[in-house]
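See below for the structure under consideration.
Please treat every number below as a calculation from the coordinates, not as lab data. Predicted model only: the values in this text are computed from it and were never measured. In this analysis, Cβ positions are derived from the backbone assuming ideal geometry, glycine residues included, and neighbour counts consider all displayed protein chains.
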Amino acid sequence: MNETSIELLKSLTQADGIPGYETEVREIFRDAVSDVGPIGTDRLGSIFCERAGNAEQPRILLDSHLDEIGFVVQSVTDNGFVKFLPLGGWWAHTLLAQRVTITTKLGKVPGVVGSTPPHLLSGSRDKVLDMKDLFIDIGAESEEQAAEAFGVLPGCPIAPYGPFMPLKNDKLFSAKAFDNRVGVAIVIEALLRLDEHPNTVIGAGSVQEEVGLRGARTMAASVEPDLAIVLEGPPADDTPGLSVGATQGKLGGGVQIRIIDSSMIVNPKLADFAIETAKRHEIPYQLGVRQSGGTDGGAIHQSGRGVPSVVLGVPSRYIHSHVSIINIDDYTAALDLTMHLVREIDASALEGFLFG
Ligand SMILES: [Zn+2]
């Protein structure tokens with residue numbers, strides 16, 4: 001039953017799309033929704049597709065960011081090793097001995113993140129290495145070979161390499177970039193599967209979220225939504241070392257309805273509506289109230305005269321690394337709630353969220 005979703009998640013996570021270089025993901029989005037309705041882009045690279053409903057108003061935006069965290073080539077050493085800069089929030093701990101893919105004008109170049117092996121370390125082995133002490137080994141013998149034979153030059157984008165892997169528990173899947181390809185997949189599936197809705201739906205893939213919600217600003221200015229549902233892959237907090245009592249992102253716990261984070265306070269009436277809708281349709285959900293973190297909602301809700309927005313998430317373990325894990329039931333719950341909200345938010349429901 002979930003086969004379509006799983007195949008879509010596989011193709012989206014295996015595409016490379018670091019901030020500013022989202023082309024592969026954008027093209028999957030474009031191909032998938034090309035028969036749904038008119039497609040537009042803004043001038044930074046965000047893409048959106050409009051699905052006509054029974055009324056022109058309200059305009060409901062389903063947003064997802066296309067990008068994943070990655071790196072860029074800063075320089076190549078004389079003996080062919082790549083020095084790099086991070087794009088987005090990495091923790092150097094997670095990088096040692098990982099694989100990456102560099103996209104060049106001559107094609108893809110695989111590499112491994114290298115560091116001094118423990119045998120050769122003189123001082124303490126307990127220290128977290130600094131990102132600037134790491135390098136990528138692409139097997140080149142010189143800067144010249146890296147540039148001319150491999151096409152590896154300063155500015156080339158570098159994505160993590162993280163295969164799509166079903167786990168023994170057949171609800172669970174591991175891959176890179178579930179943050180935020182789960183969101184992209186939900187927007188695509190909702191656009192394809194929606195039937196009757198009393199509004200106009202615009203499904204969007206924004207660029208450059210991981211470096212500060214940059215694409216969401218220009219995308220929202222282009223789309224001019226009346227209300228937004230932001231689809232995300234927020235961090236799960238159900239692993240050892242975290243307090244069980246405070247768990248808000250449990251795998252298998254359902255869609256996470258995020259109420260507050262450092263980028264947005266969700267319109268309380270919209271939050272209630274989302275919760276009531278989940279209850280009415282018996283969709284499992286969990287609430288997120290977070291001191292830190294932010295989503296595209298942070299930019300979208302402040303666009304124009306203000307856009308009531310809510311964030312729905314599929315909790316993902318180990319995000320911002322090569323090996324995130326999701327439970328497919330949470331994905332299904334997030335997709336179901338998204339589609340019910342779209343079917344039920346009409347002009348009068350929107351009016352009820354406002355303050356007149
Ligand atoms: Zn994200």
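Points to keep in mind about this one:
- Using only alpha-carbon positions in the chain, the gyration tensor eigenvalues give semi-axes of 37, 22, 18 Å once each is multiplied by 5 and square-rooted (largest first).
- Within-11-Å neighbourhood charge of Ile259 [Cβ basis; K, R +1; D, E -1]: 0
- Distance between the modelled labels on Asp133 and Arg99, one decimal in nanometres: 2.7 nm (7 Å Cα→Cβ projection).
- Taking every alpha-carbon pair under 8 Å whose residues sit at least 6 apart, the chain reaches a relative contact order of 23 percent.
- Remark: the chain carries a charge dipole of roughly 580 debye about the Cα centre, counting +1 on each Lys and Arg Cβ and -1 on each Asp and Glu Cβ.
- Alpha-carbon centroid distance for the pair the stretch 65-117 / the stretch 267-295, whole angstrom: 37
- Options Leu153, Ser292, Val311, ranked by Cα towards positive dipole end of the chain, top entry (Cβ charges): Ser292
- Calculated FRET value between Lys108 and Leu287, using beta carbons and R₀ = 30 Å, to 0.05: 0.15
- Number of Lys-Lys pairs in the stretch 70-160 with C-alpha atoms under 21 Å apart and a separation of 8 or more places or on different chains: 4.
- Inter-centroid distance (Cα atoms) of the stretch 7-49 relative to the stretch 164-240, Å: 11
- Charge dipole (debye, nearest 20) of the stretch 1-148; +1 at Cβ of Lys and Arg, -1 at Cβ of Asp and Glu: 300
- Among Ile136, Asn180, Gly245 the positive-end extreme of the charge dipole of the chain (Cβ point charges): Gly245
- Debye log10 I(q)/I(0) at q = 0.11, 0.25 Å⁻¹ for the stretch 70-160, Cα point scatterers: -0.29, -1.29
- Cα long-axis angle, helix 23-33 against the chain (0 to 90 degrees, to the nearest 10): 30
- Peptides 22-29, 161-168 ordered by packing proxy, namely the average of other Cβ atoms within 10 Å per residue, highest first: 22-29, 161-168.
- All lysines inside 26 Å of Lys279 as judged from Cα atoms, apart from same-chain residues fewer than 8 positions distant: Lys171, Lys250, Lys269
- Between Asp272 and Lys168, the contour length at 0.36 nm per residue exceeds the Cα-Cα span by 33.8 nm.
- Label zone at Ala52, where the point sits 7 Å out along the Cα-to-Cβ direction: the stretch 182-200 residues whose backbone N lies under 15 Å: 196-200
- Electrostatic tally near Pro308: other residues with Cβ closer than 15 Å to its Cβ, Lys and Arg +1, Asp and Glu -1, net -4.
- Residue-count net charge about Cys156 - beta-carbon cut-off 13 Å; Lys, Arg +1, Asp, Glu -1: +2
- Per-pair calculated FRET efficiency, R0 = 25 Å: Ser348 and Ile260 via Cβ, rounded to 0.05: 0.40
- A simple charge model with +1 on the Cβ of Lys and Arg, -1 on the Cβ of Asp and Glu and nothing else charged puts the dipole of the stretch 70-160 at about 360 debye relative to its Cα centre.
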